[in-house]
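See structure below.
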Amino acid sequence: MNVLVAGGAGFIGSHLIDALLAEGHRVVCIDNFFIGTKKNIEHLSGNPKFTFYEQNICDQDALSAVFDKENFDFVFHLAANSDIQASAKNPPIEYHNTYSTTFHLLECMRTHQVKKLFFASTSAVYGEKEGEHVAETTTPLEPISYYGAAKLGSEGLISAYSYMNRISVLIFRFPNVIGPRLTHGVIFDFVKRLKENPKELTILGDGTQSKPYMHVFDLVRGIITFKDGIQEGITLYNIGVETQTSVTRIADIICGKMGLENVKYRYTGGRGGWRGDVPVFAYNLDKIHSAGWQATWTSDETVAKTVEEVI
């Protein structure tokens, strides 16, 4: 297949490109390096099946020119702002980088008759459910972050474009994803702070925030597994792990892996780390488990593995 990975220089996108190339597909990546980095894809330089365009996906004329030239069979849409704290301070980040990228990609798919799409959605669309094990059918969807709202709005656009243009769509709603090439998030921040000051660590919130953490290798394996054979319309899965890891537990794992003892934790207080943070989250994964996918590592195992990969 000829495939487009939008946002392919990002953390998840770059790993997906590796997997698609390993299957023998020809891969085109578009990224403007808002979140992604050149380092994530530098190992692909010279690969005859890989093409990179550095441009803004919201430039409709430039994007259409790429669609004209490349003749895509499948679009994998991972172009988004993934730093929720950044958009909490500057909401337009989500409009330009998460919601608008979805519209422009869908419009190019419509005009160029591309009929297959993968969309990277998020657990943030569910909002604050007080630890309820949310399923794909859980309602109402009430995101509390600009990020979650932009992803939910994108799902709405995809629903309409899918119906109106007979597009086959696979949507994954996933929680925190970590692993090699990580560029931000709690593990990235804690490791950086502890390298600067191994005696003390500031922890946002009260440390009891507890969420599932899944490894990027597990997520990519899921995308690769389910991308083939999707039917017209939308196929939606929660994907993740059944266990959760608290922020304090993450700090303990990192300190242990870095060989640090007697580190003083200083909590800022409050249930969430910041406004828009969902402090407790849990998934119902019955649907994807029934379809044959299981995570390789638990949440704690994923955190420990990631720390080993990034320190």
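Segment 165-244 to segment 52-79: how many Å between their Cα centroids?
Here the two parts' Cα centres lie 25 Å apart.
Below 14 Å, Cα to Cα, which aspartates and glutamates can Lys39 reach? Residues fewer than 8 away in the same chain don't count.
The qualifying aspartates and glutamates are Asp18, Asp31, Glu54.
Amide H of Ile167 versus every other amide H placed in the peptide plane: which residues, excluding those fewer than 5 positions away on the same chain, fall under 5 Å?
So Ile167 has HN proximity to Gly233.
For the chain, set up a Gaussian network in which alpha carbons nearer than 10 Å are linked by springs, and say which option among His289, His215, His43 fluctuates the most.
Residue with maximal mean-square fluctuation among His289, His215, His43: His43.
Return Lys151, Lys257 ranked ascending by Cβ neighbour count within 10 Å, so the fewest neighbours appear first. Provide the component values of the computation, followed by the final result.
Details: Lys151 25, Lys257 17.
Going from sparsest to densest Cβ surroundings: Lys257, Lys151.
How large is ³J(HN,Hα), in whole Hz, for each residue of segment 222-228 in order, when computed from phi with the Karplus curve 6.51 cos²θ - 1.76 cosθ + 1.60 and θ = phi - 60°, using x for Gly and Pro?
The phi angles translate into x, 4, 4, 5, 9, 5, 8 Hz.
Report, in debye and to the nearest 20, how large the dipole of segment 9-86 comes out about its Cα centre when Lys and Arg carry +1 and Asp and Glu carry -1 on their Cβ.
Values: 5 positive and 11 negative charges, 43 e Å.
Computed charge dipole of segment 9-86: roughly 200 debye.
Give a residue-ordered list of calculated ³J(HN,Hα) values for segment 156-171 (Karplus: 6.51 cos²θ - 1.76 cosθ + 1.60, θ = phi - 60°; whole Hz; x for Gly, Pro).
x, 4, 4, 4, 5, 5, 4, 5, 6, 10, 6, 9, 8, 10, 10, 10
I'd like the orientation of helix 186-196 relative to the chain: the angle between its Cα long axis and the longest Cα principal axis, in ° from 0 to 90, rounded to 10.
50 degrees
Determine ³J(HN,Hα), in whole Hz, for all residues of segment 298-311 in sequence, where each value follows from phi through the Karplus function 6.51 cos²θ - 1.76 cosθ + 1.60 and θ = phi - 60°; x replaces Gly and Pro.
Per-residue couplings from phi come out as 6, 4, 4, 5, 5, 4, 4, 5, 5, 4, 4, 7, 10, 7 Hz.
Give, as ranges by residue number, the residues of segment 41-65 whose backbone N falls under 20 Å from the point 7 Å along Cα→Cβ of Thr111.
Residues 53-65 qualify, since their backbone N sits under 20 Å from the label point.
How would Leu63, Leu201 line up from fewest to most surrounding beta-carbon atoms within 10 angstrom?
Numbers: Leu63 22, Leu201 19.
Starting with the residue having the fewest Cβ neighbours, the order is Leu201, Leu63.
If you build the Cα gyration tensor of segment 117-210 and take the root of 5 times each eigenvalue, what three semi-axes come out, in whole angstrom, biggest first?
On the way: eigenvalues 222, 57, 21 Å².
Here the semi-axes work out to 33, 17, 10 Å.
For segment 12-148, what is Rg from Cα atoms divided by 2.2 N^0.38 Å, rounded to two decimals? List each step's numbers first, then the result.
Working: Rg = 16.4 Å, N = 137, 2.2 N^0.38 = 14.3 Å.
With N residues counted in segment 12-148, Rg over 2.2 N^0.38 Å equals 1.15.
Taken together, the values in this text are just the output of simple stated rules run on the coordinates, not laboratory data. Quick caveat: nothing in here was measured; it's all calculated off a predicted structure. Every residue, glycine as well, gets a Cβ built from its backbone with ideal geometry; the counts of neighbours run over all protein chains shown.
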